[in-house]
Amino acid sequence: MKENKKIKWRRLDNASKIFPPTVTNRDTKVFRLYCELNEEVDPKILQEAVSPTLESFPLYRSVLRRGAFWYYFESSDLEPVVEEESKPICAPLYLKEEKSLLFRVFYFKKRINVEIFHALSDGAGAIWFFETLIYHYMTLKHKDDLPEDFPKLRYKASMSQKMDDSFEKTYYKKRAAENVEKSPSVKAYQLRGTKVEENRTKLIEGTLSVKKVLDLAHEYNTTLTVFMTALYFYAINKDMPSKMRKDPVVLQVPINLRQFFESNTARNFFGTMNIQYDFSTQSHDLQDIINSVSESFKNELTRDKINHHLDKLMSLEKNPFARVIPLPVKDIALKIANHIKDRQISSSISNVGRIIMPEEFEPFIHKFSVFVSARRPQIVVCSYLDQLVVSFTSPYQDTDLQRTYFEFLTSRGIKVGISSNL
């Protein structure tokens, strides 16, 4: 079954509005997904696989335009061209002076890569797009190796559901008016270092066994996500100068809102929670950090807290005065707000979860990875079968933080395969 629906123009969702005005050469708001195969990529078949993928995700055929008051997506006839990798990782996709698509598909040896501008989608939606692309590539490349009754691609949602602005659909004005509680602002510890030249992003990836990391997390009576987050706090503290411990470490953790609301959107639908730990007053022991992080997760991941966060975001957008402010003034305001928010965050860690493909593809796929452009060090975690990939991206040359993180895991008997782009 083919889905085909032409889009002329569409508003950006709430989460997307922050990305266009805050793009910089270092922080391009681009993330990359790659699939490493057990064989060389066939570029002609990869190009062929793009067309049916776009039929399922027509928003990806859009360009970003500037209106009088807001940015918006405009349908385009531009065709994506698959090329061999030649740009630095997470190179800019949105350029104000150019009318271009907001994603790219390319390859290098055994890797299929997709890079996406964050205004198009969040991690969950992008993985959906990528899984669809890999499905079409595999069914074209290995049609003679697959059984005759191999299932066709199942659409997880209708076209309208995938195109939903779920922020708009879940906003409730009366509830937002009642949520007047303000969160206290905190100046967070800032990770510093020597910048990589030419605004390049440094990537260091560790590949581990999902089972072994889960077993280790269970030794500490916690989940994989809480364990990886607590270990990040632990590593930051190990490399933190003693005199800098006066400021708490604050990790921003994205929340996939689809698990709290009935949504099958392929667009952005995420929130964030800030998990704080103060090493000047709290224990430096990993188990104590885990206990604190676990409690913070429980407190933040409640329906009331999620509703409050969502309504706070939307009420600002719905403010009648804010809506009529010209776009250049909004851009300046959002840049200032983004700068202030940055001072309240030390880093971020995101577990985008399992990537699932048909078992018939397993002989042809080695692993998947996801990572983002970085204005500060941050981690993205994903898994495929028993391959857990922990991707550190950073604008800094220094690698002590990454070394501390992975050395702890190896000290507990977990083999870590390390790779880097620089």
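The values are calculated or read from the model by the stated rules, or taken from the named source; none is laboratory data. This one's a predicted model, so the numbers in the text were calculated from it and none came from an experiment. All Cβ positions, even for glycine, are placed from backbone atoms using ideal geometry, and neighbour counts span all protein chains on display. In case anyone asks, the SASA skips ligands and DNA or RNA and just uses the protein heavy atoms, side chains included. Shrake-Rupley method; radii C 1.70, N 1.55, O 1.52, S 1.80 Å.
Remarks
- Mean residue ellipticity (222 nm) of the chain, computed from DSSP H runs ≥ 4 via -39,500 (n - 2.57), nearest 500: -10000 deg cm²/dmol
- Percent carbon-and-sulfur accessible area, region 294-422, ignoring ligands, DNA and RNA, probe 1.4 Å: 56 percent
- Solvent-accessible area per residue for the chain (1.4 angstrom probe, square angstrom): 49 Å²
- Estimated Rh, region 366-422: Kirkwood, alpha-carbon pairs, angstrom: 12.4 Å
- Choice from Asp13, Asp42, Asp311 with maximal GNM fluctuation in the chain (Cα, 10 Å cutoff): Asp42
- Computed on the chain, with alpha-carbon pairs under 8 angstrom and 6+ residues apart, the relative contact order is 25 percent.
- Size of the chain from its Cα atoms: along the principal axes, largest to smallest, the extents are 60, 57, 41 Å.
- For region 179-315, the average shadow cast by the Cα convex hull is 11.4 nm², which is a quarter of the hull's surface.
- Accessible area (Å², 1.4 Å probe, nearest 10) - Leu153: 50 Å²
- Phi to ³J(HN,Hα) by Karplus 6.51 cos²θ - 1.76 cosθ + 1.60 over region 57-65, Hz, x for Gly, Pro: 10, x, 4, 6, 8, 9, 10, 9, 10
- Computed over the alpha-carbon pairs of region 297-422, the distance histogram in 10 Å steps reads 9, 26, 29, 23, 11, 2 percent, short to long.
- Computed E for Ala68/Asn25 - FRET, C-beta separation, R0 41 angstrom, nearest 0.05: 0.95
- Rh by Kirkwood over Cα pairs, then Stokes-Einstein D for region 1-154 at 1.567 mPa s and 4 °C, µm²/s: 79 µm²/s
- For region 255-284, the residues whose backbone nitrogen is under 11 Å from a point 7 Å from the Cα of Arg10, taken along Cα to Cβ, are 265-268.
- Within the full protein context, the accessible area of Ile204 is estimated at about 20 Å² for a probe radius of 1.4 Å.
- Highest-first arrangement of 336-343, 143-150, where packing means the average Cβ count within 10 Å: 336-343, 143-150
- Shown are Val250, Val186, whose ranking by accessible area with a 1.4 Å probe and every protein chain present, most to least, is Val186, Val250.
- For the residues Glu198, Glu168, Glu55, a GNM of the chain with alpha-carbon springs under 10 Å puts the largest fluctuation on Glu198.
- Here's how it looks for Val196: its modeled amide H is under 5 Å from those of Tyr396, Gln397, which are all 5 or more places away or on a different chain.
- Largest to smallest in accessible area, the residues Trp70, Trp128 fall in the order Trp70, Trp128 (1.4 Å probe, all protein chains included).
- Compared with the rule-of-thumb size 2.2 N^0.38 Å for a compact globular protein, region 39-85 has a Cα radius of gyration ratio of 1.50.
- Radius ratio Rg over Rh of region 95-166, counting only Cα atoms, Kirkwood formula for Rh: 1.04
- Solvent-accessible area of His366 with every protein chain in place, 1.4 Å probe, in Å² to the nearest 10: 70 Å²
- Most mobile of Ala230, Ala91, Ala333 in a GNM of the chain (Cα contacts under 10 Å): Ala333
- Positive contributions from Lys and Arg (+1) and negative ones from Asp and Glu (-1), summed over other residues with Cβ under 12 Å from the Cβ of Leu401, come out at +1.
- Here the simple spin-label model places points 7 Å from the Cα toward Cβ, and for Ile336 and Glu97 these points are separated by 2.8 nm.
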